[in-house]
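Here's the structure we're looking at; comments come further down.
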Amino acid sequence: MDLKQLRALTTVAETGNVTRAATLLNIVQPALSRQLRLLEEDLGVTLFERGRRGMELTPAGRRMLDHARQILDQVEKARAEVTPSAGSVGGIVVLGLLASTATVLSGALVAAVRERYPGIRLRLLVGYDGQLLEWLENGIVDATLLYEQTPASTTVRPLLEAELWAVAPAAAGLTRQPSLRVETVAAHPFIFPSAPHRVRTLTEQAAARRGLAFQVVAETNSLDVQKGLVAAGLGWTILPAVAVSAEVERGVLSAAPLSDRTFRRRIVLANSGNRQPTEALQCVIEVLVECMRKAVKERRWAGARWVQGKKA
């Protein structure tokens, strides 16, 4: 098994066509087919089958594709770290952002990293809490924002406390005052984020303590879809304030804080405790924390309170 074979696998998987993949890799088709054949012989499995839509991965091929992408990514990151631009910090940093935080953070973060550290290539992966934790544990991201928890083999740094709001269609007329009880929210049809999701777990636990059951009309792994369903009048939901503040200001949604203090969650920065952070990662983390602190100070992060350095 070598890198050429892994690149052949990933490129054919992405294009679904050996001819197009060979063109992209700048090699002749027979050579590409031979690389795939050698990889299959080495692994003892069939990686592709010819289907109506071209070359389709087998179950073994899909599993191998995940490994191939991670291996190639690590090689690329290693090359970027050991051969940076002269006189500057260099490397590839893969950072995980909670879906609710991406809008308020991504633009400022990319701009600041580009200005201060032009040798760093920043990759942003956006997901829900459960996805991000899995990506961190699997080495897909170098560091990530999470809702407060203490995952095994990670270094965790609390940064801010974020309010969760009840979110409803604009016609419901929710406002910052008064705050709402969970019982009020549970009386309406509900749109849940797909599991695993820290806010969902918190919401379900709070309801269970009160003997409540939500009338769930839909679940989704997309924050935009979740907000769209609520805006369309199909149900209520509970989301971090920062995730809906823009829609509330535009009159697309209405929202109100929840009276139960358990609906305030800390956001932490987590990175692997088993891997020494690179200089590039340390620089990006420094910039990320500055961007978050500034967003809270300038009140661009709705419902947030800075807690770094404070006791829980």
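The values are calculated or read from the model by the stated rules, or taken from the named source; none is laboratory data. Only a predicted model underlies this, so the values are computations on that prediction, with no experimental measurement involved. Counting neighbours? That spans all protein chains shown, and the Cβs are built from the backbone with ideal geometry, glycine included.
All told, residue 11 falls short of being among the hydroxyl-bearing types (Ser, Thr, Tyr), in a helix (DSSP H, G or I), without any contact (Cβ under 8 Å) to a residue 60 or more places away in the chain and surrounded by fewer than 15 Cβ atoms within 10 Å (Cβ to Cβ). Against the conditions (1) assigned to a loop (DSSP other than H, G, I, E, B); (2) hydroxyl-bearing (Ser, Thr, Tyr); (3) under 20 Å from residue 130 (Cα atoms), residue 203 satisfies every one except (1). Between 184, 175, the distinction of being over 27 Å from the mean Cα position of the chain (by Cα) and assigned to a helix (DSSP H, G or I) belongs to 184 only.
For region 276-293, which positions are surrounded by fewer than 20 Cβ atoms within 10 Å (Cβ to Cβ) and either free of Cβ contacts under 8 Å to residues at least 12 places away in the same chain or within 23 Å of residue 193 (Cβ to Cβ) (or both)? Result: 276, 282, 286. Against the criterion of being more than 24 Å from residue 13 (Cβ to Cβ), in contact with an Asp or Glu (Cβ under 8 Å, 6 or more places away or on another chain) and either at pLDDT 85 or above or not acidic (Asp, Glu) (or both), residue 90 qualifies.
Quick check on residue 33: is it assigned by TED's automatic domain parsing to the domain that holds residue 128 and out of contact with any Gly (no Cβ under 8 Å at 6 or more places or on another chain)? No.
Would you confirm, using the coordinates I've provided, whether residue 97 is more than 28 Å from residue 292 (Cα to Cα), of a type in the set (A, V, I, L, M) and surrounded by 14 or more Cβ atoms within 10 Å (Cβ to Cβ)? Let's see the steps before the verdict.
On the way: more than 28 Å from residue 292 (Cα to Cα): no; of a type in the set (A, V, I, L, M): yes; surrounded by 14 or more Cβ atoms within 10 Å (Cβ to Cβ): yes.
When the stated conditions are applied, residue 97 does not pass them.
For region 259-312, enumerate the residues that are of a type in the set (S, T, N, Q) and over 18 Å from residue 147 (Cα atoms). Let's see the steps before the verdict.
At the first step, the residues of region 259-312 found to be of a type in the set (S, T, N, Q) are 259, 262, 271-272, 274, 276, 278, 282, 308.
Passing the criteria: 259, 274, 276, 278, 282.
Among the candidates 209, 261, 305, which residue alone is in contact (Cβ under 8 Å) with a residue 40 or more places away in the chain and at negative phi? Don't jump to the end; show me each part of the working.
Working: 209 fails: in contact (Cβ under 8 Å) with a residue 40 or more places away in the chain; 261 fails: in contact (Cβ under 8 Å) with a residue 40 or more places away in the chain.
So the residue among 209, 261, 305 that is in contact (Cβ under 8 Å) with a residue 40 or more places away in the chain and at negative phi is 305.
In region 197-211 there is no residue that is small (Gly, Ala, Ser) and in contact with a strand residue (DSSP E or B) (Cβ under 6 Å, 6 or more places away or on another chain). Selection over region 36-47 of residues that are farther than 22 Å from residue 73 by Cα and either in contact with a Gly (Cβ under 6 Å, 6 or more places away or on another chain) or among the basic types (Lys, Arg) (or both) gives a count of 1. Residues that are in contact with a strand residue (DSSP E or B) (Cβ under 8 Å, 6 or more places away or on another chain) and surrounded by 20 or more Cβ atoms within 10 Å (Cβ to Cβ) within region 103-115 comprise 105, 109, 113, listed in sequence order.
Checking 139, 96, 119, 173 one by one, the residue that is touching a Ser or Thr at 6+ places or on another chain (Cβ under 6 Å) and on the phi > 0 side of the Ramachandran plot is 173 and no other.
If we keep just the residues of region 241-300 that are among the acidic types (Asp, Glu) and in a helix (DSSP H, G or I), which is nearest to residue 133 (Cα to Cα)? Within region 241-300, the match that is nearest to residue 133 (Cα to Cα) is 286. With respect to residue 144, is the statement that it is hydroxyl-bearing (Ser, Thr, Tyr), farther than 30 Å from residue 307 by Cα and surrounded by 15 or more Cβ atoms within 10 Å (Cβ to Cβ) true? Against the criterion (hydroxyl-bearing (Ser, Thr, Tyr), farther than 30 Å from residue 307 by Cα and surrounded by 15 or more Cβ atoms within 10 Å (Cβ to Cβ)), residue 144 does not qualify.
Scanning region 244-266 for any residue that is surrounded by 14 or more Cβ atoms within 10 Å (Cβ to Cβ), hydroxyl-bearing (Ser, Thr, Tyr), under 22 Å from the mean Cα position of the chain (by Cα) and under 20 Å from residue 103 (Cβ atoms) turns up at least one such residue.
Consider residue 220 carefully, then state whether it is β-branched (Val, Ile, Thr), farther than 19 Å from residue 104 by Cβ and under 21 Å from the mean Cα position of the chain (by Cα).
Values: β-branched (Val, Ile, Thr): yes; farther than 19 Å from residue 104 by Cβ: yes; under 21 Å from the mean Cα position of the chain (by Cα): yes.
In short, yes.
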